[in-house]
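Peer 1: Would you mind keeping the following structure in view while I ask a few things?
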Amino acid sequence: MNYKFPVPDTSSIQPRPADLVFPDRIPKMKAHICMTCSGKVEGFDSELSQKEFLISGMCQKCQDSIREWDKKEKVPVDSPKATA
């Protein structure tokens, strides 16, 4: 697949508290391996997706699937489900 934006530079990724739970986050990101699906990270559709990778370590495909899931799960604020 052709992406508009390359995988960002991962050489300066800093440890975060979440690394205690996900100790393989930094090594996987530096190796361009997705934290979610363990697939090869090849590039991104936008600069925002590049930034998201530096936070979550997710490839474009996994980011897209999360966004699609999120769209399906949106509940209007005045819905009975929203107040439950």
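Bear in mind that the values in this text are calculations on the coordinates, not laboratory data. Owing to the predicted nature of the structure, the values given are computational and were not obtained by experimental measurement. Cβ sites come from the backbone with ideal geometry, for glycine too, and all protein chains shown count toward neighbours.
Peer 1: With every atom except the alpha carbons ignored, what do you get for Rg and Dmax of region 1-75, in angstroms?
Peer 2: In order Rg, Dmax, the Cα atoms of region 1-75 give 12.6, 39 Å.
Peer 1: Could you list the trypsin sites (Lys or Arg not before Pro) in region 1-58 that lie in coil according to DSSP, counting only those with at most 16 other Cβ atoms within 10 Å of their Cβ?
Peer 2: Values: sites: Lys4, Arg25, Lys28, Lys30, Lys40, Lys51; in loops: Lys4.
Passing both the DSSP loop test and the Cβ count: Lys4.
Peer 1: Sticking with this structure for a sec: Mind checking the full-extension length gain between Lys30 and Arg16? Use 0.36 nm per residue of separation minus the Cα-Cα distance, one decimal, nm. Please list the in-between numbers first.
Peer 2: Working: separation 14, 0.36 × 14 = 5.04 nm, distance 1.48 nm.
Length difference between fully extended and current span is 3.6 nm.
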